[in-house]
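Participant: Following this message is one structure expressed as structure tokens.
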Amino acid sequence: MNIEPRMTVHVKVDHEWDRIHIRSAPGNTNLFKMRCPNGLDSMTGLFGTVIRDRALHTLFYGTDYHSHLGTKYGGIAYIDENGDTIKKIHDISNSQFKSKFHDEIEGIKTSIAIGAISDKDPQPLTFVSKFGPFAICMNGLIVNKEDIKKVLIDEGTNFAEVYHGEINQADLVANLMNKKDTIEDGIRSMWDMIEGSATILIMTPDGIFAARDRKGISPLVLGVKGKEWVVASESSSLTNLGFEIFKYIEPGEIVKITDDGPNIITGTNGERKICAFLWIYTGFPCANYEGINTEIVRENSGRYLAKRDNVEADLAAGVPDSGTAHAIGYAMEAGIPFRRVLMKYTPGYGRSYTPLTQEERDRVAQMKLIPNEATIKGNRIILCEDSIVRGTQLKNFTVNKLREAGAKEVHVRPACPPLMFPCRYMLSTRNKTELVARRAIMDLEGRDLEDNEIDEYLDPGSENYKKMVDWIARDLGLDTLQYQRLEDMVDAIGLPKDDLCLYCWTGKEI
Ligand code: SF4
């Protein structure tokens, strides 16, 4: 690969988080490794606005409406009245996005701006390049990041943004784009080179390029209000700002939004593999993806769980927040009451405390859940949960709390099949051996099976599947455990199976 070295950046920068600059040639870099305080790679929420002179006000609220997608970094970039590209990034682990940015945007007139909230890569990043000045933020996961980094460094590329020992994915994307002569060619070429996914927003002095990942793993929606335009990861960020959905940006589509409105400069490639987990777990309940509402999918999912169930119960309850709508659907279908047995206590917690270890973080997360003995005692409870990853929180906190508060029976109903394969397209929050289903298989088989050896465990009709589920139920201390069937989860979403990424459950690469 031949790549032109990136030019020196002349931008105003305001950071308050730790960062390490690498400006020297390969070999001279002084990498200072730090442990990621979150220990997580998660989604990123993207928001962009093109509104004459008043872009920042909308950007402020619109970006903040993505706070459920990240806990670590909040950032914005805009062109100021002098034509300079400005970026501001704050650590939001101890305070809300709103409180960090409120005073900083007061009185600033700008027409074009982008923002991001993320758990890992601080964004947006700003560059001066052969395309002119631009800012970029992205949502995705570049699986072959290390391979690409090595090639680019061998070619003489410098990476300026390194956090916790890793290069920033947005930096990598920008450097790959730089291999071509135009931004749109650069985006297409970047997509050709990466494994994984990348949905990006690029701000230039005259507009925003909104490019949805080629397979459409993560969403982007375009909103309109008169002559004002926004682009967002979550459609729920549009409603209170008075914007209507103009269109869901299609997989592989590149749209340029200027003062004159949006212009599709690259059409869709017809592929679609949107992440099914958006509806099951990660998405905000009011958000729509491909026109399909998250809350309704969760209700449908609960209905499917109830249809296959024959356990007699007194009530259906959800593990807040995302389990709630699954439980409402279950209750509607089964004709039993939906009741709240676990309440989330948010006042005073917020982001005021970020413990250092994962164990402590899990505990704090669960300290927020308070059992209500009045609705628990003596009851046979159907407990809907979005998914079971490791099972430790469910076992140690949730189920134990219900038992201690006098639950007569606890029947857990996860809204998706057993998680078998760590995500390789958008989230990398776990590894294989952490997954409770894999631990069950390892215990039953006496060894860690290869991915191509676990087919029987994926089949809900097989004896091995039943043994695995029984093992998990015993391990978690449940009366019964019944997972959602894959086909029911797909039907609950309502898209054709081929339009969804289901890798977490099937291991079939997309
Ligand atoms: S592997 Fe799972 S979490 Fe990752 S994109 Fe696919 S469905 Fe979503």
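The values are calculated or read from the model by the stated rules, or taken from the named source; none is laboratory data. No experiment lies behind these values; they were computed from the predicted model shown. Every residue, glycine as well, gets a Cβ built from its backbone with ideal geometry; the counts of neighbours run over all protein chains shown. Accessible surface areas use protein heavy atoms only, side chains included; no ligands, DNA or RNA. Shrake-Rupley method; radii C 1.70, N 1.55, O 1.52, S 1.80 Å.
Participant: Considering each residue of the range 273-292, count those that are part of a strand (DSSP E or B) and either open to solvent by 50 Å² or more (accessible area, probe 1.4 Å) or over 13 Å from Ala492 (Cβ atoms) (or both), and give that number.
Facilitator: The qualifying residues number 4.
Participant: Consider Leu141 carefully, then state whether it is open to solvent by less than 10 Å² (accessible area, probe 1.4 Å) and in the same structural domain as Glu250 (by TED's automatic domain parsing).
Facilitator: Values: open to solvent by less than 10 Å² (accessible area, probe 1.4 Å): no; in the same structural domain as Glu250 (by TED's automatic domain parsing): yes.
So Leu141 fails the test.
Participant: For the range 383-492, list the helices (runs of 4 or more DSSP H) that sit wholly inside it and hold at least 2 residues that are within 16 Å of the ligand (Cβ to nearest atom); which are they?
Facilitator: It comes to 436-445.
Participant: Of all residues in the range 220-236, which are touching a strand residue (DSSP E or B) at 6+ places or on another chain (Cβ under 6 Å) and either within 30 Å of Leu502 (Cβ to Cβ) or assigned to a loop (DSSP other than H, G, I, E, B) (or both)?
Facilitator: Answer for the range 220-236, where residues must be touching a strand residue (DSSP E or B) at 6+ places or on another chain (Cβ under 6 Å) and either within 30 Å of Leu502 (Cβ to Cβ) or assigned to a loop (DSSP other than H, G, I, E, B) (or both): Leu220, Val221, Leu222, Gly223, Val231, Ala232, Ser233, Ser235.
Listed here are the residues, each with its yes/no results for (1) open to solvent by less than 10 Å² (accessible area, probe 1.4 Å); (2) more than 22 Å from His326 (Cβ to Cβ).
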site	(1), (2)
Glu409	no, no
Arg413	yes, no
Pro418	yes, no
Met426	yes, no
Leu435	yes, no
Glu450	no, yes
Asp455	no, yes
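Participant: Which numbered condition trips up Ile217, out of (1) touching a residue at least 40 places away in the same chain (Cβ under 8 Å); (2) touching a strand residue (DSSP E or B) at 6+ places or on another chain (Cβ under 6 Å); (3) outside any helix (DSSP H, G or I); (4) over 21 Å from Leu427 (Cα atoms)?
Facilitator: (4)
Participant: Mind checking whether some residue in the range 196-207 is in contact with an Asp or Glu (Cβ under 9 Å, 6 or more places away or on another chain), part of a loop (DSSP other than H, G, I, E, B) and modelled with pLDDT of 95 or more?
Facilitator: Within the range 196-207 (the criterion being in contact with an Asp or Glu (Cβ under 9 Å, 6 or more places away or on another chain), part of a loop (DSSP other than H, G, I, E, B) and modelled with pLDDT of 95 or more), the answer is no, since none of the residues qualifies.
Participant: Continuing with the same structure: Limited to the range 465-485, what total is found for residues that are open to solvent by 30 Å² or more (accessible area, probe 1.4 Å), in contact (Cβ under 8 Å) with a residue 12 or more places away in the chain and not small (Gly, Ala, Ser)?
Facilitator: 7
Participant: Residue under question is Tyr304, and the condition is that it be part of a helix (DSSP H, G or I), within 16 Å of the ligand (Cβ to nearest atom) and open to solvent by 50 Å² or more (accessible area, probe 1.4 Å); does it hold?
Facilitator: no
Participant: Can you pull out every residue in the range 246-272 that is open to solvent by less than 10 Å² (accessible area, probe 1.4 Å) and touching a residue at least 60 places away in the same chain (Cβ under 8 Å)?
Facilitator: Hits for the range 246-272 are Gly252, Ile254, Ile257.
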